[in-house]
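The values are calculated or read from the model by the stated rules, or taken from the named source; none is laboratory data. Bear in mind that the values here come from a model prediction, so they are computed numbers and not experimental data. FYI the Cβ positions are ideal-geometry reconstructions off the backbone, even for glycines, and counts take in every protein chain you see.
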Amino acid sequence: MGQKRVERARRVIQELHQMFPDAACELRYQSDVELMVAIILSAQTTDQSVNAATPALFARYRNLEDFAGANPLELQEFIRHLGLFKTKANNIILMAQRVLQEYHGVFPKDHDSLMTLPGVGRKTANVFLAEYYHIPAIAVDTHVHRVSYRLGLSMKTDSPILVEAKLMKLFPQEEWIGMHHKMIHFGRYFCKAKKPSCERCPMQDICTTPFPQ
């Protein structure tokens with residue numbers, strides 16, 4: 001890990017702490033199962049869209065047992081406006097059944113076990129571990145991947161797993177959860193994919209992809 005990249009990481013931490021001091025998970029939930037369902041639903045859609053769908057969903061299905069016994073077609077109706085709703089509905093039902101049958105209704109606290117659950121990949125596992133169990137992790141979604149590249153912390157061709165590994169080396173462990181949220185906020189509201197706010201960015205001097213390209 002080069003010294004220049006380490007210095008960039010320190011600068012990013014400093015700037016994002018100032019820009020988004022209160023950044024946190026924007027998915028709305030009140031229990032472990034609600035969080036897991038919301039994360040699964042958030043794949044390839046926005047947190048805002050998920051939050052619009054979940055109040056009615058969580059009023060109908062209140063716990064793992066409710067989701068495990070859900071009728072797929074009925075569950076689909078609650079999330080029809082979200083992408084991949086049929087697959088997500090099936091995964092949610094199977095996930096709830098697996099947690100009840102194999103983990104006695106308690107979500108496991110490690111990546112490997114979580115990733116055996118239907119609909120749960122590495123990003124989902126990282127988000128759940130960090131948000132619910134407060135276990136340090138960095139989930140690399142499209143925003144984190146884009147921001148990491150633009151700020152010179154990773155390469156454009158790096159896989160999400162490689163970006164995660166690089167960020168874990170660059171950021172102190174106690175910063176992992178907070179920086180995950182701050183990088184998402186930076187990418188979602190400031191350093192957008194198509195129309196980033198470059199003219200207002202305090203990190204223009206370290207940006208590797210200034211716009212217009």
Where in segment 26-104 are the helices (runs of 4 or more DSSP H), entirely inside, with at least 2 residues that are under 15 Å from the mean Cα position of the chain (by Cα)? 32-41, 47-60
Given the residues Ala43, Ala23, Ala38, Ala52, which is the only one that is out of contact with any helix residue (DSSP H, G or I) (no Cβ under 6 Å at 6 or more places or on another chain), surrounded by 14 or more Cβ atoms within 10 Å (Cβ to Cβ) and closer than 23 Å to Lys123 by Cα? Ala43
Is there any pair linking a residue in segment 47-73 that is farther than 13 Å from Ser31 by Cα to one that is outside any helix (DSSP H, G or I) and among the small types (Gly, Ala, Ser), with Cβ under 7 Å and at least six apart or on different chains, and which? Val50/Ser42
Condition met for Glu65 (over 23 Å from His181 (Cβ atoms), at pLDDT 95 or above, exposed (fewer than 12 other Cβ atoms within 10 Å of the Cβ) and charged (D, E, K, R)): no
Members of segment 144-157 found to be aliphatic (A, V, I, L, M) and surrounded by fewer than 17 Cβ atoms within 10 Å (Cβ to Cβ), listed by number: Met155
Within segment 31-44, identify whether any single residue is small (Gly, Ala, Ser), modelled with pLDDT under 95 and farther than 20 Å from Ala130 by Cα, and answer yes or no. no
If you take the residues in segment 144-175 that are among the aliphatic types (A, V, I, L, M) and over 17 Å from Arg10 (Cα atoms), which one is nearest to the chain's Cα centre (by Cα)? Ile161
Given the condition modelled with pLDDT under 95, part of a helix (DSSP H, G or I) and surrounded by fewer than 18 Cβ atoms within 10 Å (Cβ to Cβ), answer yes or no: does some residue in segment 135-143 qualify? yes
Output for segment 159-192, where each listed residue is crowded, with 21+ Cβ neighbours inside 10 Å and of a type in the set (Asp, Glu): Glu164
Residue satisfying all of: in segment 144-164; free of Cβ contacts under 8 Å to residues at least 24 places away in the same chain and not in a loop (DSSP other than H, G, I, E, B); nearest to Tyr189 (Cα to Cα) among these: His145
Quick one: which of Gln101, Gln76 is out of contact with any strand residue (DSSP E or B) (no Cβ under 6 Å at 6 or more places or on another chain) and touching a residue at least 12 places away in the same chain (Cβ under 8 Å)? Gln76
Would you confirm whether any residue within segment 110-125 is surrounded by 15 or more Cβ atoms within 10 Å (Cβ to Cβ), assigned to a loop (DSSP other than H, G, I, E, B) and of a type in the set (Val, Ile, Thr)? yes
